[in-house]
Structures are given as structure tokens and as C-alpha cells.
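Encoded as C-alpha cells, the structure appears first; notes follow it.
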Amino acid sequence: MNSTALFKRLGLSSHPRFVARPGKGAAGVQVVHSPIDGSVLGGVRLDDAKKYEAAIRSAQEAFEKWRLVPAPVRGQIVRELGDAIRAHKADLGMLVSLEVGKITSEGQGEIQEIVDIADFAVGLSRQLPGQVFPSERAHHRIVEQWLPLGLVGVISAFNFPAAVWAWNACLAAVCGDVTIWKPSLLAPLTALACNSIAEKVAAKHGHPGIFQLIIGSDEQIGKPLVADKRVALISATGSTRMGRAVGQVVAQRLGRTLLELGGNNAVIVTEEADLKLAIPAIVFGAVGTAGQRCTTTRRLIVHEKLADRVCKKLVAAFEQVMSRIGDPTAPGTLVGPLINEQAVKNYEHAVLAAKAEGGRVLIGGQRVKKASLKSQNGGSGLYVQPTIVRAPASNKLPIAQEETFAPILYVFTFKTLSQAIAIQNSVDAGLSSAIFTERFREVEAFLHPGGTGSDCGIANINCGTSGAEIGGAFGGEKDTGGGRESGSDSWKAYMRRQTSAINFSGTLALAQGIKFE
Ligand code: NAD
């Protein structure tokens, strides 16, 4: 892949923050390596405290103008943003693949999510509906309206280097807010390219500064952003460890958070499941994005009578995947690299721990040792085999309680559906879940209106745990943080609510019949 031509088309080469040939250890520059082969893609100039302050000031200034633009007009600017991203979809998708190692179709899919959420936000810009309530006082009305919130800090994880920003930025923009994006230092180039496109569109319409980008370390940039009282909402996507730290700091200053944190997602396969649906859904869920999605299927909970048959089918499917591990930009590849050496170490640690705990590795468990996948900088390459580990007869496998960001699927068995649901709900995270069954009562038990079924924010029937559409609210419970992003009424997080009692009676009446004469 000729990244020079790609960077030129995306305007990165001429961007003042981009460094084409960063020297080793250049001060104030983040060097970006591709996980595909370790090659240097380029560098990005990091922000310091002065630049941070300038970004906040510029955001405040932009907000004062932007909040007064009618929401449907704001929507038209977001529509243009979506169009501009659409025009660059192939190139941006390729940049995602180069920077974080997603296979081509997943890189493209990530950019498609920006287009989709922009479309959604445009429609929303003509709604943002308030409510009217009947007043107990004669000739009064109670109304509720939604107002812009202010500055929205967006902290994104490496594994969705573009879509997560757009979920926040497009909704925030139609709500009248200004976004300050702090991307992961593992994926700053995608951020630079996407944000430049958005800023160009905004500036063309006389609103420069509504999409701010700040790039830097957690110490220099991330933590000051989180602690900054001028930033009304911190929307943070990443590990539960990060969310716990961020949540505490923002709560201390009584700010708002929207937390989208780790997952440990399970699929339940009952005796009544249609395996033609279940097997491919589990394989995609476990192996897609090399297991580096928050919604990756990490646990399979299968009825004991089906367990051997399902494991056999899964092993056969994983075997086919093994020959398609490699360069994610090459046609036919299904599994790309992990993001960095630490991620490979975490994978190896989890496999070792699973074995020590009595788990049986049915397939995989190794780093891929192929000369063609070696790293340019002398490393062994970041490719690992998708892995299935069967829990011992005791069904106890403590390592499966943790989210290891790699393609490892742990298999548990159950006798009754309530046992299966208990196993599913036994982890700290509560993001995504799924059940495969053709039986109505099992579906209803899983979705029970009393909340006794799945305890996750996402509970799918006959489709897997990953690959959410933007129309519904996305997010999870417990250690996943409780935030909701994207569709449904998630926009409310980006606005403040105001309730007004309106008196058109000509006399003053107090509520609750109080007399004060
Ligand atoms: P991470 O927690 O290491 O980093 C995420 C972001 O938080 C980065 O931008 C990082 O710089 C920043 N950060 C970390 N500590 C911070 C602090 N104290 N103050 C301010 N910023 C801080 O996560 P990662 O490795 O990039 O991503 C993988 C994790 O993200 C997984 O746990 C995955 O499940 C989760 N994730 C969740 C969702 C979701 O929607 N629920 C989506 C994608 C990823």
C-alpha cells in the first residue's frame, strides 16, 4: 500500500501537525507504527498545556455562535460532513486498516458508521423534542425544552478510532455543542484526517472551531480535559480501568459523564437453537477485528447435550480461519494483527492462565510464526491464532471473568436456562449478550420485563453480540459504565433540560393550592 499517495489524498501530508519522517525519539512527536508490519506511518505533533488552553478558548468562542444557529441549519452542516466523509470513505477506511489493523471491509464499515450517524443526526436536528404537561393551575402550561449543553470532551479508544468520535460529534453538533476530541495515541492519524474534514466543512459555513482535536498523553492532555470544569460532558470510551478513573474526577466536579467501557460478552446456545445461525454468528463475534471489539463474543454458554457437537463445528470453522490470518489489507484476510506487543502478551498470558485453571485448548493458543508476518522492525509480528478454550467440568475458569482484548472464546455448559443466564450475568461487565433459540419462552425469559434475564445493555435474539446498528441506543450496564450513545434518545446526554411553568391567567396562583396573601 502506497501510504504517501493515501496521505496526500486525505490532506494529511500538508497538515501542519503531520510529520512525514519522524526521527527516532523526536521530542513532542508521536510516532505511529502500523501493527501490520511495524512500519512507521508518520508522526503527529503533540499538544502541550498552551495548545490545550487555546483549544478550549476557541471551543468556547465557537459555542457562543453555534448555539444560536437553528438546529435544522446545524443539521445541514452535519449532512455536508457526512457527504464529505462518504466521498473519502475508501481512503479513510484504508487509513483505519493501516493504523489499527482492521481488515478492509471492517475499516470501510467503521467509516460507514460515520455516514450513518450523520444521517441519523440530520433527521434528529428537526426533532430534539420537548414535552408539554397539563398544569394543576387554571390557564397555565408546563413545558420542557432541551438546550445546548456546551463543550463535550470525547475520549476515544484505539479500536474504534473514527466511529466513536462521530457518534458523539454528530449528535453533539446538532444539539448545539462543540466537541473536543482526544483520540488514543495508538490512532492519531485517523483522528487527524477525520477531524480535518469535519473542521473544513464547519469553517466553510462560518463556524470554525466546533470540531476541536487535541492530541497528547493522558498526563498532559487527557487528565486536564477530564478535570476541566469548562467541559460540561466527558464522553469516554475505553477500558473499565480508565472509566473508573475518569468517572471519579468528573463526579468530583459534578460534571456529566457518558461512559462506554469494557465488555465480556456471552452467547447462549440452547437445545432449541438453529446452529446454522449460531455457528457463523459465534465465529464472527469471537474472531472479527481479531477479538478487539468491545462487543466481541468472549464466552459461549452451550447446553450440555449440544456442547460436543457445537465445539466440533466451531473448531472446523476456526480451522478455516487459520489460513486467512495476515495483512488485513490483502483480499481474503479475515484476521489481522493485534494492536501491539502488550496485547500479544495479554493473549499469551490468558491462554496460559486458562490452561493452568484446567481449561482445554481446542484450537489455537499460539502467536502466528510466519516469515511473511514478521515485523519490519525486527519483532515477531503481532498476529495470533483465534483460540477456543473449553472450561473444565466444574465450569470454573476464573480468567474468563476478565476482558482479554484478543480472539479467545471460552466455552461453558449448562443444564437449565436459568443456570445459563446466571453464568452469563456472573461477570463484572454488562455490555452485550445474545441467545440462540427457536423457543418463544426461552426468548422471553432472556428478555424478561422484570429484568431477571440478561443484565446487559444489549440482548440479541438469534444474532451475535457484535455489529450493532446505529438506530438503537448503544451501551452497557455495570462495569461497562451505564452510558448510551448513538441512536434512540441518546441525544439527551448532549443537552440540558429546562422546565417552564407558563402563566397566561393574568393572576398569580401558587402550586399545591398554597395561599400567601
Ligand atoms: P484505554 O482505556 O487504554 O484507553 C482509552 C482512551 O482513554 C485513550 O484515549 C486513552 O488515552 C484514554 N485514557 C486512559 N486513561 C485516561 C485518564 N486517566 N484520563 C483521560 N484519558 C485517559 O482503552 P483502549 O485499549 O484504547 O481500548 C480498549 C478498551 O476500550 C476495551 O476495554 C474495550 O472494551 C473498550 N471499548 C469500549 C467500547 C464501548 O462502546 N463500550 C468501545 C470501544 C472500546
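The values are calculated or read from the model by the stated rules, or taken from the named source; none is laboratory data. These numbers were taken from a predicted model, which means no experiment stands behind them. Glycine also receives a Cβ, built like all others from the backbone with ideal geometry; neighbour counts cover every protein chain displayed. Keep in mind that these areas ignore ligands, DNA and RNA; they rest on the heavy atoms of the full protein, side chains included. Shrake-Rupley method; radii C 1.70, N 1.55, O 1.52, S 1.80 Å.
So, in region 7-27, of the ones that are of a type in the set (A, V, I, L, M), more than 23 Å from residue 87 (Cβ to Cβ) and surrounded by 10 or more Cβ atoms within 10 Å (Cβ to Cβ), which residue ends up modelled with the lowest pLDDT?
By that ranking, first place goes to 26.
Scan 201, 267, 231, 250 and give me the residue that is in contact with a Gly (Cβ under 7 Å, 6 or more places away or on another chain) and over 30 Å from residue 409 (Cβ atoms).
After ruling out the rest, the residue left standing is 231.
What about residue 344, is it of a type in the set (A, V, I, L, M, F, W, C) and not in a helix (DSSP H, G or I)?
no
Out of 281, 273, 286, I need the residue that is part of a loop (DSSP other than H, G, I, E, B), open to solvent by less than 60 Å² (accessible area, probe 1.4 Å), out of contact with any helix residue (DSSP H, G or I) (no Cβ under 8 Å at 6 or more places or on another chain) and away from the ligand (no atom under 11 Å from the Cβ). Which one?
Every option except 273 fails the conditions.
Give the residue that is nearest to the ligand (Cβ to nearest atom), with candidates limited to residues of region 462-480 that are closer than 20 Å to residue 118 by Cβ and part of a strand (DSSP E or B).
474
If we keep just the residues of region 329-381 that are at positive phi and modelled with pLDDT of 95 or more, which is surrounded by the fewest Cβ atoms within 10 Å (Cβ to Cβ)?
332
So which residues in region 130-144 are surrounded by fewer than 15 Cβ atoms within 10 Å (Cβ to Cβ), touching a residue at least 24 places away in the same chain (Cβ under 8 Å) and over 27 Å from residue 260 (Cβ atoms)?
136, 138, 139, 141, 143
In region 242-261, which residues are open to solvent by 30 Å² or more (accessible area, probe 1.4 Å) and more than 6 Å from the ligand (Cβ to nearest atom)?
Correct list: 244, 248, 249, 251, 252, 253, 254, 256, 257.
Residue 406 - would you say it is in contact (Cβ under 8 Å) with a residue 24 or more places away in the chain and touching a Ser or Thr at 6+ places or on another chain (Cβ under 7 Å)?
Considered against the rule, which asks whether it is in contact (Cβ under 8 Å) with a residue 24 or more places away in the chain and touching a Ser or Thr at 6+ places or on another chain (Cβ under 7 Å), residue 406 comes out as no.
Checking the condition within 16 Å of the ligand (Cβ to nearest atom) and closer than 26 Å to residue 44 by Cα, which residue from 210, 234 passes?
Being within 16 Å of the ligand (Cβ to nearest atom) and closer than 26 Å to residue 44 by Cα holds for just one of 210, 234, which is 234.
Please determine whether any residue of region 453-461 is in contact (Cβ under 8 Å) with a residue 60 or more places away in the chain and in a loop (DSSP other than H, G, I, E, B).
Yes, region 453-461 has at least one match.
Inspect all residues belonging to region 153-171 and state whether any of them is at positive phi and either assigned to a loop (DSSP other than H, G, I, E, B) or open to solvent by less than 30 Å² (accessible area, probe 1.4 Å) (or both).
No, region 153-171 contains no residue that is at positive phi and either assigned to a loop (DSSP other than H, G, I, E, B) or open to solvent by less than 30 Å² (accessible area, probe 1.4 Å) (or both).
Show the residue pairs that are 6+ apart or on different chains and have beta-carbon atoms under 9 Å apart, the first residue being within region 218-230 and assigned by TED's automatic domain parsing to the domain that holds residue 248 and assigned to a loop (DSSP other than H, G, I, E, B), the second being more than 9 Å from the ligand (Cβ to nearest atom) and among the aromatic types (Phe, Trp, Tyr).
228/52
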